[in-house]
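Trainee: What follows is a single structure, and I will ask about it in a moment.
The values are calculated or read from the model by the stated rules, or taken from the named source; none is laboratory data. Nothing here was measured: the structure is a model prediction, and the numbers come from that model. In this analysis, Cβ positions are derived from the backbone assuming ideal geometry, glycine residues included, and neighbour counts consider all displayed protein chains. Remember, those area values only see protein heavy atoms, side chains included, never the ligands or the DNA or RNA. Shrake-Rupley method; radii C 1.70, N 1.55, O 1.52, S 1.80 Å.
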Amino acid sequence: MTPALSDFARMARRRAAMSAAGRILVFAVLLVMSLTFLSPLYLMLAMAFKSSSELATTSAWSWPKQFTLENFKTVLTAPAMNFLLFGRNTMFIAVTNTVGVVLSSAMVAYAFARLRFKGRDRLFIIVLATMMLPGIVTMVPTYVLYARLHWINTFLPLTVPGFLGGGAFNIFMLRQFFMSVPRELDEAAVIDGASHWTVFTRIMLPLSTAALATVGVFTFSGAFRDFMGPLLYLNDPDMKTLEVGLQTYAGLRGERWDLIMAGSVITTVPLILLFFVGQKYFVKGITLTGGK
Amino acid sequence: MKRALLFIAALLGLLTASSPARAEVTLRFVIWDGDEYVRAQEPAIRDFEKAHPGVKVKLESVTNNYMTRLLAQYAAGVAPDVVMMDPFSFHKFARRGALLPLNDFMANTPGFDIKQYYPSLVDAMSADGKHYVLPKDIAPQGIIFYNKKLFDEAGIPYPDGTWTWDFQERPELKEKDFLWVMHQLTKKDDRGRTTQYGYAVGWTNLFVETVAFSLGARYVDDYKEPHKTFYDDPRFIRAFDFLLELTKEKKWVPGETELNTVLQTGALKLFTEGKVAMYQTGAWEIVPMRRDIRPGAPGFFEWDVTLAPAYKNGQLVTPTGGSGYAIMAGTKHPKEAWALASWMGGEPGMSVMAEKGLSQPARMDMSRRAPWVPDANTPPEQRYPANRAVTDIAAQHVLFPPTHDFYPQVQDRAFAENEKIVNGSKTPAEVLGEGNRLAQARLNLLWSQEKSSPPFDWVKGWLFGGLLAVGLVAWVYWPERKKKLTQAMKKENRMGYLFITPWLIGIVGLTLGPMLLSLMMSFASWDIVTDAKWRGPGNFIEMVTADPRFFPALKVTAVYTAVAVPIGLTASFLLALLLNVDVKGIPLYRTCFYLPTLASGVANALVWKKIFQADGGLLNTIIYGPHGDGNFLGLAAMLRGVAGANGQVNWIGNEKTALASLILMSLWGAGGGTVVLLAGLQGIPKMLYEAATLDGAGPWARTKAVTLPMMSPYLLFSLVTGMIGTLQAFTEAFVMTGGGPGDSTRFYMLHLYTEAFEGLRMGYSSALAWVLFFVILAVTALQFWLSKRFVYYEGDIKK
């Protein structure tokens, strides 16, 4: 059902005509809103580059009159801070988790979306139910469990769970995505004798770049930013993550906002860059057009 | 898949194989101090290691969630050796045998004498005649920092601490009357606004306590074993009235609104800026003061410290802080642990802290000499404040808060509504009367539960848990047990289970056990530290009959969810549609909208505090204009009913607007939902749009016929997970409001958290959690049931 060329031309003209006014509006709305949403970053940068005396005497919103790197120096040279080591620990946890979560949640979600097996729908209710109990009351029992497994003071509690299903949120999200993929696409392959593993890896995963990238970014930034996990499970000062290492300034009396913000910049900017670079995958959708 | 499994196996191997080399004895030493304190202590710890060959110390600085972490470690049997403790926290450990008594160590250590330490501090850290904590610092709050320049300008001699005060000014006493000095040092402009305050106090209760304690009022009957509460003592009420008079009528003292600058302890900032002549706070603010009032820097002034005044004819009694080191009972190296504790809580440890001005030594002799009190050899940067000797006098006139481990919960009830006094919506007498009633009720409840109840029967508990697990499996499998499967279907069935294997391992191995345990605990009373006791349905009965916060918390959470979720979902969806168009720079916009989700929590919280601030906050500046006389969109007129004392709205400090403010704030996180929906939008095959366009559908018709149905699975996802998340909302209130004012933002989870970790009532909070679980389950089921009609799955399995 290839449309006639003239149809496309007409379509294109109509779209262009609509957009002229619409685009300016969209642009304006986006601009105003993004400025609002940029304010935490602005505040963070402005405060991180101010000297403590300037911070004490000026409004938090003012841009630093004298840029100083002193705060970053203080933060990075603190005796309890080992930036390279903590950065490596953080990266290890975040990358391992991302790999584990994306892989395992996609597998599980695929089964719930595409395969018929006994008890599937009720098992899915159990998947969702694991999100419904507040983590506060399972925290201590979980800690005791990890201690029995001798996992305390290792990276295991922070990485292994990621490989075991990747969490209900991600499973649910990917299941919804997979269920929206037209069935014709993989049924043909199954009829041709392809195994489900092949359908999963060769058809489903490549079609779902956007959803997988979303899960990946959520997981990576979540693990990168995680505070409670590393704080609870790691004792050794050499195993700290950046977020835990930088927390040392939050507990200060007469709080050192200059240092807290410098620390925030250090952990936030890599994430922003990652998101900015990675966001092109969010829009890699099913670009199939009709008429094959 | 095999490769994935191999990878996991390799990873496991890699991580477990590397075990660090050990010195003879390694001590885990945990403190809640951060940065500057760690810097100061490191050298003392290294010296300790040199003096004790074969002993290695691993310092863990835990500035956040200190007690939670310690409790979890204690429960799991992996507690550290030496830990920092304060008089208000050690009791819950000590009472349950989790700390080693230090008496024998003290007696057997030559040269050690506990009598050298401040007696009040030693007493506050002992129970039943046993010492559990070796004090390391004391922080009396009966000291006043003053700006010498402002005294000079007013022609008043510098205070020497021999002054008093009354509720009325006594000009005849001149500089010996604190109120007169305060009055003289206050300056106002021609519109009656204060430009320079005579006196400021670190926090409201410090003022109230300084006044009422010196008049002889006390919070409870027995500070070690409280049974009766006296929060509504007329002397506390009088002290509050006095504060209101000074802040709101006379305006000699900045009130909460004026101090609400968010960035720093407000009063500290006013003092360092030279806008406050006298500032009462603890010695821990010396370091930030030295940093911000630097000799040679612009705005520098001479400053010093003096003793706070006692009330007329009264005794000087002020609140205090203090901390020390305790040894966990589970330590394998008690001797070395004591060596470390007495090193850090003795001369070597305390003098490094004193040298940097970080904390006043707990030993009286050390509090009276260098390095704490400056002498001729003190380096210039550590000379301020010169008169540090007064901290020793102040330390002899202190009153520690009650140390019983019930007390934090009791005080929490008593002070919960104090904001209403400050914002003027209720009188001190009303608030303190009600606070005292609630506090006493709480105390009675806690004592009544102390009565012996049978131990929790773990065999029966796990048997029940096992049965439940079996029941769950049966529930999953039973309906389809007789289903006949063809060969192909059998294969698919097997594949299905193979694909979900990782999740099955996770739920059976890691998730189910803790969940079942918390379910069991919901029928028990459990404080983490000691063994659980059987309570039957007692927790659930308490919820509906004896917990005045249960229903309000449910209501607040329901309102928050009902409003925030639909608005948030709509915002996310519109944003996603907006970001899905092809405009220049769209990657930049996408990043912008996601930013609040990426930016650190403190930065976000700060932004919102700056927006909601009563005085000069962004929202008020928009509504009232920079001069406070604007009326943006008529909002100022509409908001007249909720405006505070300054004629503007104190957004998060006002009961009527606090929850709405948090809802507004939740929209900030819409970017996270947008990313999910954006991914969904990308999943819509373009051919559907092309086909619709060919059929003559306009943009609206295309949205209705293609976008909405195709997006329905993601909208359902966002709705369900949004609801689950919002019903468990916690951080927003925890960071921004702490549940107040009143109970107006006390989310269910906040209540649960407070019960769990501040009240150490894990059993009760588990019961709360399971009630929430079933509420969420019901809400989710309803959503799925309703969704059947609206949600369209392109790739649904045809039945």
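Trainee: Please report the projected area of segment B:531-687's Cα convex hull averaged over all directions, in nm².
Mentor: Orientation-averaged projected area of the Cα hull: 16.2 nm².
Trainee: Taking only C-alpha pairs under 8 Å that are 6+ residues apart, what is the relative contact order of chain A in percent?
Mentor: 29
Trainee: Also: Note down the magnitude of the dipole of chain A about its Cα centre, charges +1 on Lys and Arg C-beta and -1 on Asp and Glu C-beta and zero elsewhere, to the nearest 20 debye.
Mentor: 840
Trainee: Within chain A, count lysine pairs with alpha carbon atoms under 24 angstrom apart where the residues are 8 or more positions apart or belong to different chains.
Mentor: Counting lysine pairs in chain A gives 5.
Trainee: Residues in segment B:125-160 near a label at B:Phe300, defined as backbone nitrogen under 17 Å from the 7 Å Cα→Cβ point?
Mentor: B:147-150
Trainee: Sticking with this structure for a sec: Using the Cα gyration tensor of segment B:695-799, with a ≥ b ≥ c the square roots of its eigenvalues, what is the shape: rounded (a/c below 1.5), prolate (a/b larger than b/c) or oblate (neither)?
Mentor: prolate
Trainee: Can you tell me the dipole magnitude for the protein assembly as shown around its Cα centre, using point charges on the Cβ only (Lys, Arg +1; Asp, Glu -1), in Debye to the nearest 20?
Mentor: Computed about the Cα centre, the dipole is about 4520 debye.
Trainee: Quickly work out the B:Glu430-to-B:Glu24 label distance, labels modelled 7 Å from Cα along the C-beta direction, and quote it in nm with one decimal.
Mentor: Once both label points are built, they end up 6.9 nm from each other.
Trainee: Cα to Cα, under 13 Å, and not fewer than 8 places away if on the same chain: which aspartates and glutamates meet these conditions relative to B:Lys176?
Mentor: B:Asp160, B:Asp166
Trainee: Taking every pair of distinct Cα atoms and averaging 1/r, then inverting, what Kirkwood hydrodynamic radius in Å comes out for segment A:101-223?
Mentor: Radius from the Kirkwood sum: 16.0 Å.
Trainee: Give me the Kirkwood hydrodynamic radius of segment A:136-205, using the inverse of the mean 1/r over all pairs of distinct Cα atoms, in Å to one decimal.
Mentor: Across segment A:136-205, the inverse of the average 1/r is 15.2 Å.
Trainee: With solvent modelled as a 1.4 Å probe, how much accessible area in total do chains B and A shield from it at their shared surface, in Å² to the nearest 100?
Mentor: 13200
Trainee: How big is segment B:628-748 by Rg and Dmax over its Cα atoms, in Å?
Mentor: Looking at segment B:628-748, its Cα Rg and Dmax stand at 21.1, 63 Å.
Trainee: For segment B:402-522, what number results from the quotient of the Cα radius of gyration and 2.2 N^0.38 Å?
Mentor: The reported ratio for this selection is 1.93.
Trainee: Could you tell me which residue out of B:Gly536, B:Gly216, A:Thr68 lies farthest along the dipole of the protein assembly as shown toward its positive end? Charges go on the beta carbon: Lys and Arg +1, Asp and Glu -1, centred on the Cα centre.
Mentor: With unit charges placed on the Cβ atoms, the residue in question is B:Gly536.
Trainee: A further question on this structure: Compare the Cα positions of A:Val277, A:Leu115, A:Thr154 along the charge dipole of the protein assembly as shown (+1 at Cβ of Lys, Arg; -1 at Cβ of Asp, Glu; about the Cα centre) and return the one farthest towards the positive end.
Mentor: With unit charges placed on the Cβ atoms, the residue in question is A:Leu115.
Trainee: Return the single residue from A:Val199, A:Val29, A:Val190 with maximal mean-square fluctuation; model: Gaussian network over chain A, springs between Cα atoms under 10 Å.
Mentor: Most flexible of the set in this elastic network: A:Val29.
Trainee: Follow-up question, since we're still on this one. Take the Cα pairs of chain A, get the Kirkwood Rh, then feed it into Stokes-Einstein at 20 °C and 1.002 mPa s and tell me D in µm²/s.
Mentor: For the chosen part, D equals 93 µm²/s.
Trainee: When the accessible area of the protein assembly as shown is split by element with a 1.4 Å probe, what percent falls to carbon and sulfur?
Mentor: Summing carbon and sulfur atoms, their accessible area is 62 percent of the total for the protein assembly as shown.
Trainee: Would you kindly find the accessible area of A:Tyr281, with a 1.4 Å probe and non-protein molecules such as ligands, DNA and RNA excluded, rounding to the nearest 10 Å²?
Mentor: Only protein atoms counted, so the area is about 90 Å².
Trainee: While we're looking at this one, here's another question. Once Rh for segment B:457-563 is found with the Kirkwood sum over Cα pairs, what is the Stokes-Einstein diffusion coefficient at 4 °C and 1.567 mPa s, in µm²/s?
Mentor: Stokes-Einstein gives a translational diffusion coefficient of 73 µm²/s.
Trainee: Still on this model: With no solvent and one point per C-alpha, what does the Debye sum give as log10 I(q)/I(0) for segment B:198-308 at q = 0.12, 0.17, 0.21 Å⁻¹?
Mentor: Log10 of I(q)/I(0), two decimals: -0.51, -0.88, -1.14.
Trainee: Continuing with this model, one more query. Using Cα centres only, tell me the gap between segment B:470-492 and segment B:735-799 in whole Å.
Mentor: Answer, in whole Å: 31.
Trainee: Do you know the relative contact order of chain B, to the nearest whole percent, from alpha carbon pairs under 8 angstrom that are 6+ apart?
Mentor: 14
Trainee: Calculate the spin-label point distance for B:Arg368 paired with A:Ser59, positioning each point 7 Å from the Cα along the beta-carbon direction, and give it in nanometres.
Mentor: The answer from the label model is 5.2 nm.
Trainee: If I histogram all Cα-Cα distances within chain B using bins 10 Å wide from 0, what percent of pairs lands in each bin?
Mentor: 2, 10, 18, 22, 21, 14, 8, 4, 1, 0, 0
Trainee: Given H placed on each backbone N at 1.01 Å, which residues far from B:Thr26 in sequence or on other chains put an amide H within less than 5 Å of it?
Mentor: Close amide H contacts, sequence-distant or interchain: B:Lys56.
Trainee: Which residues among segment B:182-224 fall inside the zone where the amide N is under 18 Å from a point 7 Å beyond the Cα of B:Asp166, along Cα→Cβ?
Mentor: Within reach of a label on B:Asp166: B:182-184, B:211-212, B:214-216.
Trainee: Measure up B:Lys251/B:Lys656; B:Lys451/B:Lys555; B:Lys149/B:Lys269; B:Lys332/B:Lys460; B:Lys187/B:Lys250; B:Lys248/B:Lys420 against 22 Å on the Cα-Cα distance and list the ones that go over.
Mentor: Going by Cα-Cα distance, B:Lys251/B:Lys656; B:Lys451/B:Lys555; B:Lys332/B:Lys460 fall outside the 22 Å limit.
Trainee: Counting only the heavy atoms of the protein chains, how much of B:Glu302 is accessible to a 1.4 Å probe, in Å² to the nearest 10?
Mentor: Probe radius 1.4 Å; accessible area of B:Glu302 about 80 Å².
Trainee: Let me ask you something else. With all protein chains present and a 1.4 Å probe, how do B:Arg191, B:Arg363 order by accessible area, largest first?
Mentor: Highest to lowest solvent-accessible surface, that is B:Arg191, B:Arg363.
Trainee: Then there's this: Which of rounded, prolate or oblate describes segment B:574-615 when judged by the alpha-carbon gyration tensor and an a/c cut-off of 1.5?
Mentor: It comes out prolate by the Cα gyration axes.
Trainee: Mind putting together the pair-distance distribution for segment B:297-344? All Cα pairs, 10 Å bins, whole percent per bin, short to long.
Mentor: Taking all Cα pairs of segment B:297-344, the binned fractions are 17, 22, 16, 23, 19, 3 percent.
Trainee: Would you list B:Tyr279, B:Tyr66 from the most to the least accessible area, probe 1.4 Å?
Mentor: If we order B:Tyr279, B:Tyr66 from most to least accessible, we get B:Tyr66, B:Tyr279.
Trainee: Taking only the alpha-carbon atoms of segment B:657-716, what semi-axes of the equivalent ellipsoid follow from 5 times the gyration tensor eigenvalues under a square root, in whole Å, largest first?
Mentor: 32, 13, 8
Trainee: Another one. Pick out, from B:Gly465, A:Thr214, B:Ala599, the residue whose Cα sits farthest towards the positive end of the charge dipole of the protein assembly as shown, with +1 on the Cβ of Lys and Arg and -1 on the Cβ of Asp and Glu.
Mentor: It is A:Thr214, whose Cα lies furthest towards the positive end.
Trainee: Give the dimensionless ratio obtained when the Cα radius of gyration of the protein assembly as shown is divided by 2.2 N^0.38 Å.
Mentor: 1.00
Trainee: Where a Cα-Cα gap under 18 Å defines reach, which aspartates and glutamates qualify for B:Lys482, not counting those fewer than 8 residues away within the same chain?
Mentor: Filter leaves A:Asp121, B:Glu492.
Trainee: Report the dimensions of segment A:109-166 along its three principal axes from the alpha-carbon atoms, largest first, rounded to Å.
Mentor: The Cα atoms of segment A:109-166 stretch 41, 22, 14 Å along their principal axes.
Trainee: Right, next: From largest to smallest, what semi-axes in whole angstrom does segment B:183-257 give when each is the square root of 5 times an eigenvalue of its alpha carbon gyration tensor?
Mentor: Gyration-tensor ellipsoid for segment B:183-257: 31, 10, 9 Å.
Trainee: Hey, can you find the accessible area per residue of segment B:351-475 for me, probe 1.4 Å, expressed in square angstrom?
Mentor: On a per-residue basis, 46 Å².
Trainee: Order the following by accessible area, largest value first: A:Arg122, A:Arg202. Probe radius 1.4 Å; ligands, DNA and RNA are ignored.
Mentor: A:Arg202, A:Arg122
Trainee: Same structure again: Suppose we take every Cα in segment B:285-381 and form the convex hull; what volume per residue is that in Å³?
Mentor: Each residue corresponds to 165 Å³ of Cα convex hull volume.
Trainee: Turning to a different aspect of this structure: Just from the alpha-carbon atoms, what are the Rg and Dmax of segment B:119-231 in angstroms?
Mentor: Every Cα atom of segment B:119-231 included, Rg and Dmax give 18.9, 61 Å.
Trainee: Here's a follow-up. Excluding same-chain residues fewer than 8 positions from B:Lys335, which lysines have a Cα within less than 17 Å of its Cα?
Mentor: B:Lys50, B:Lys56, B:Lys58
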